[in-house]
Amino acid sequence: MKVSREQAALNRERIVEVAARLFREKGYDGIGVADLMKNAGLTHGGFYGHFASKEDLMIEACQHALEKSLEGWRTKVASDPQQALPAIVGSYLTTRHRDQPGDGCPAAAMGVDVARMSPGARPAFTKATRQQFALLEGLLPDGAPEERRQQAISTFAAMVGAMVLARSVDDEALSAEILDAVKAQLLQD
């Protein structure tokens, strides 16, 4: 049965959305094409009509997840610019975010996978990382541009690192302590 162009575009969007969630939850090697397609409600056979490879899907899913992440941060900035930085840090460094990687930050959930993939996977990640740095820079108190950029980089790196560590340890109390310690450090005046 032939699918209309509109339906094919909707199917592709659904595949990318599902893949963005599952790659963050399970990692690149933790889910196969057949299971991705099943979760999208489609058959495995249709995959290669949309993507040349699983890595191509990973790249597009990564772009999608990064755009959604930035969109969430921009929403916080638009709703209350004065409290955007505490809101971003506060919502990022939570046990909820830790426990729901499929809905969370692509850098913390997919960064290692992207680093291990072909160089073609990195440009979207680099672009989004720069955008996150720039957004954070704009939220930081007065200072020289170089100082604000350095602070933005260290803030984001601390957030991502804390999330990776919190997800990696098998001690719930230690995991929460990592998140709380980094949050307190980043939010101190």
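Give, as a single signed number, the net charge of other residues whose beta carbon lies under 12 Å from the beta carbon of Ala8, with Lys and Arg counted +1 and Asp and Glu -1. Don't jump to the answer; show the numbers that get you there.
Details: positive: Lys2, Arg5, Arg12, Arg14; negative: Glu6, Glu13.
So the environment of Ala8 carries a net charge of +2.
Which semi-axes, in whole Å and largest first, does the equivalent ellipsoid of region 1-101 have when worked out from the alpha carbon gyration tensor as the square roots of 5 times its eigenvalues?
Working: eigenvalues 199, 52, 20 Å².
In descending order, the three semi-axes are 32, 16, 10 Å.
When all C-alpha to C-alpha distances in region 111-176 are sorted into bins of 5 Å, what percent of pairs does each bin hold, rounded to whole numbers?
Taking every Cα pair in region 111-176, the percentages come to 3, 16, 18, 18, 17, 15, 10, 3, 0.
For the Cα atoms of the chain, what angle does the longest principal axis make with the long axis of helix 54-79, in degrees from 0 to 90, nearest 10?
The angle comes out at about 40 degrees.
Once you've got the GNM for the chain with C-alpha springs shorter than 10 Å, pick whichever of Ala162, Ala40, Ala108 has the biggest mean-square fluctuation.
Looking only at Ala162, Ala40, Ala108, the largest GNM fluctuation is found for Ala40.
Cα-Cα pairs above 18 Å in region 1-45: how many percent?
On the way: 271 of 990 pairs.
Percent of Cα pairs beyond 18 Å in region 1-45: 27.
Rg and Dmax of region 45-123, using alpha carbons, in Å: what are they?
For region 45-123, the Cα radius of gyration and maximum Cα-Cα distance read 15.2, 50 Å.
Where does the chain land at 222 nm, in deg cm²/dmol rounded to the nearest 500, when only DSSP H runs of n ≥ 4 count, each adding -39500 (n - 2.57), divided by all residues? Show your work: numbers first, answer last.
Numbers: 9 runs with 138 residues, N = 189.
Using -39500 (n - 2.57) per qualifying helix, the result is -24000 deg cm²/dmol.
With the other protein chains left in place, how much accessible area per residue, in square angstrom, belongs to region 105-189 at a 1.4 angstrom probe?
Accessible surface, normalised per residue, equals 56 Å².
In whole Hz, what ³J(HN,Hα) sequence does region 108-125 give by Karplus (6.51, -1.76, 1.60; θ = phi - 60°), x for Gly and Pro?
Coupling constants for region 108-125: 6, 8, 10, x, 5, 4, 4, 4, 8, 8, 4, x, x, 7, 7, x, 5, 5 Hz.
What is the helix-to-structure angle for 172-187, meaning the angle in degrees between its Cα long axis and the longest Cα principal axis of the chain, kept from 0 to 90 and rounded to the nearest 10?
The helix 172-187 is inclined about 60 degrees to the chain.
What pairs from Lys54/Lys76; Lys2/Lys68; Lys127/Lys183; Lys38/Lys76; Lys2/Lys26; Lys2/Lys38 go past 23 Å between their alpha carbons? The partial results should precede the final answer.
Details: Lys54/Lys76 33 Å; Lys2/Lys68 31 Å; Lys127/Lys183 25 Å; Lys38/Lys76 34 Å; Lys2/Lys26 32 Å; Lys2/Lys38 19 Å.
Lys54/Lys76; Lys2/Lys68; Lys127/Lys183; Lys38/Lys76; Lys2/Lys26, as the Cα separations exceed 23 Å there.
Give the angle, between 0 and 90 degrees and rounded to the nearest 10, that separates the Cα long axis of helix 5-26 from the longest principal axis of the Cα atoms of the chain.
Result, in degrees: 50.
Taking the structure as given and computing Rg and Dmax of the Cα atoms in Å, which label from (i) 25.8, 85; (ii) 16.4, 50; (iii) 18.1, 62 fits?
Answer by label: (iii).
The values are calculated or read from the model by the stated rules, or taken from the named source; none is laboratory data. From a predicted model like this one, the values you see are computed outputs, not experimental measurements. Cβ coordinates were reconstructed from backbone atoms using ideal geometry, including for glycine residues, and neighbour counts include every protein chain displayed. Please note that ligands, DNA and RNA were not included when accessible areas were found on the heavy atoms of the full protein model with its side chains. Shrake-Rupley method; radii C 1.70, N 1.55, O 1.52, S 1.80 Å.
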